[in-house]
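*Asks:* Below you'll find the structure I mean.
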């Protein structure tokens, strides 16, 4: 007898539309912050920065100023798309010999060969040089219109209030509690009295103290994004990190620089697609879509067995190439717990931003003096030596972030992306096909069941796809049928926003299975 579904409910998200700007994120308070910036006259870049900062406060398990990101910016007036890469980088003092392999596999996102004490996954040795603040600062300097301090003000206000812990937040904290408890300042922040915070039935939500982070954000707002990497703020950040055993130096911060480029779009069917180049999943997405286009002149979801079989072939081939050949070497492409933001303003400017701490709560290490939760970017490296993505000092790892913008033939623009580690690219790939191959409306595309291929030969199928699709795939691939549920999350968490150039209307759909995600227009805050 097949396993019964574990979550017996039907969940949908509305398509939200308006003739002003729109912000789509994985937390409604952050979306509201961004929409408020649009209503105050800011552009899409301003709104994305404010939303980004707010997300680091209201969903700290996903991202924050101790993490990294990648973003795309489409400027309507220039008709040009820019990419800003602000991923993590290995510290200059990193010694690969400190990460010896042992039998087994790690228990986190990627199932790498296990490292002694999980040093590449949890704790001080897992921390890489953060890049998010540098990336946001560059985006503001190049494309924004508002002051840095003004854009951080809502995040400071939220941190001063403290983190409101609803059932979903309690679940997120509980999922990492066994590791958070190992670090006193992390436990103090997220496990008061040594327990997961849970609200009383019918009572007010518990509030976690974020005053230390609020003070840090206030200082960062006053001194500017460059202060994170040079000067007294940077020196204090390094001392704070080194006190926890993190091999972060002033040279690491001063030497860090995000990378900006003009995007060279690639064609798929009758559209052009922008992705972030380099050490992201963008090149892998391009490879998968090129394979799909070459292998199927057209796709029709009325024949789901053929469509999903094609998807599986393309994704398996793309991931095999990615994990074998890609990495930060002369021959490579270079020189989750994650979150995604889509923003479109009333002028038609578009931002697709993905940011992350990598694992849920990143390294699980909160810095005691600054309150910054640090990433575990070392996890992105292959711990095996002699490979393109192997550990090395000062090196950029492969990341799974895959923000994308579709430039439709009629002038419309769609921004999309997802959280979910290696599952991200599979979701973005299928959403693009849904929107382009079969012209599904936004709501239908986001709610459409998907498969997942993310680095192994196993193909995971949402049980909603049905037995006919399973039978079509099972003879060709190892297949498992799984629930696409709230927790555990076995598929990526995508969202989409679209600019209708003819009607001058912006629409968006937030990630369906999160109770906190929301698409909010600027009219909603006026």
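*Asks:* On the principal axes of its Cα set, how long, how wide and how thick is region 416-486? Give whole Å, largest value first.
*Replies:* Largest to smallest, the principal-axis extents are 31, 26, 24 Å.
*Asks:* At q = 0.08, 0.12 Å⁻¹, what log₁₀ I(q)/I(0) does the chain have when each alpha carbon counts as one equal point scatterer in the Debye sum?
*Replies:* For the requested q values the scattering log ratios are -0.45, -1.10.
*Asks:* Based only on other Cβ atoms within 10 Å, what is the fewest-to-most ordering of 280, 207, 356? Intermediate results must be reported in sequence, preceding the final value.
*Replies:* On the way: 280 26, 207 14, 356 30.
Ascending number of Cβ neighbours within 10 Å: 207, 280, 356.
*Asks:* Place the peptides 316-322, 424-430 in order of packing, highest mean first, counting for every residue the other Cβ atoms within 10 Å and averaging per peptide. Provide the component values of the computation, followed by the final result.
*Replies:* On the way: 316-322: 19.4, 424-430: 28.4.
By packing density, highest mean first, the sequence is 424-430, 316-322.
*Asks:* Placing one identical point scatterer on every Cα of region 347-398 and ignoring solvent, what is log10 I(q)/I(0) from the Debye formula at q = 0.17 Å⁻¹?
*Replies:* Log-scaled intensity ratios, in q order: -0.69.
*Asks:* Counting other C-beta atoms within 10 Å, which of 477, 143 has the fewest, and how do the rest follow?
*Replies:* Values: 477 16, 143 22.
So the residues, fewest neighbours to most, are 477, 143.
*Asks:* Further question: With a ≥ b ≥ c taken as the square roots of the eigenvalues of the C-alpha gyration tensor of region 336-493, please select rounded if a/c is under 1.5 and otherwise prolate if a/b is larger than b/c or oblate if it is not? Walk me through the numbers on the way to the answer.
*Replies:* Working: a/c = 1.87, a/b = 1.22, b/c = 1.54.
Cα axes put region 336-493 in the oblate bin.
*Asks:* Could you tell me which of rounded, prolate or oblate describes region 1-137, using a ≥ b ≥ c as the square roots of the eigenvalues of the alpha-carbon gyration tensor, with rounded for a/c under 1.5 and, failing that, prolate when a/b is larger than b/c and oblate otherwise? Numbers along the way, then the final one.
*Replies:* Details: a/c = 2.63, a/b = 1.39, b/c = 1.89.
Oblate is the answer for region 1-137, as a/c is 1.5 or above yet b/c matches or exceeds a/b.
*Asks:* Rank by packing, highest mean first: peptides 361-373, 299-311, 492-504, with packing defined as the count of other Cβ atoms within 10 Å averaged across residues.
*Replies:* Highest-to-lowest ranking by the protection proxy: 361-373, 492-504, 299-311.
*Asks:* Would you order 102, 121 from fewest to most other beta-carbon atoms within 10 Å of each residue's own beta-carbon? Don't skip to the end; give the middle numbers.
*Replies:* Numbers: 102 10, 121 25.
By the 10 Å Cβ count, ascending, the order reads 102, 121.
*Asks:* To the nearest 500 deg cm²/dmol, what mean residue ellipticity at 222 nm is calculated for the chain from DSSP H runs of n ≥ 4 alone, each contributing -39,500 (n - 2.57), summed and divided by the residues?
*Replies:* Numbers: 14 runs with 170 residues, N = 526.
Computed ellipticity for the chain at 222 nm equals -10000 deg cm²/dmol.
All of the numbers you see were taken from the coordinates with simple rules; none came from a lab. Treat the numbers as computed from the prediction; the structure is a model and nothing was measured. For neighbour counting, all protein chains shown are included, and Cβ atoms are generated from backbone atoms with ideal geometry for every residue, glycine included.
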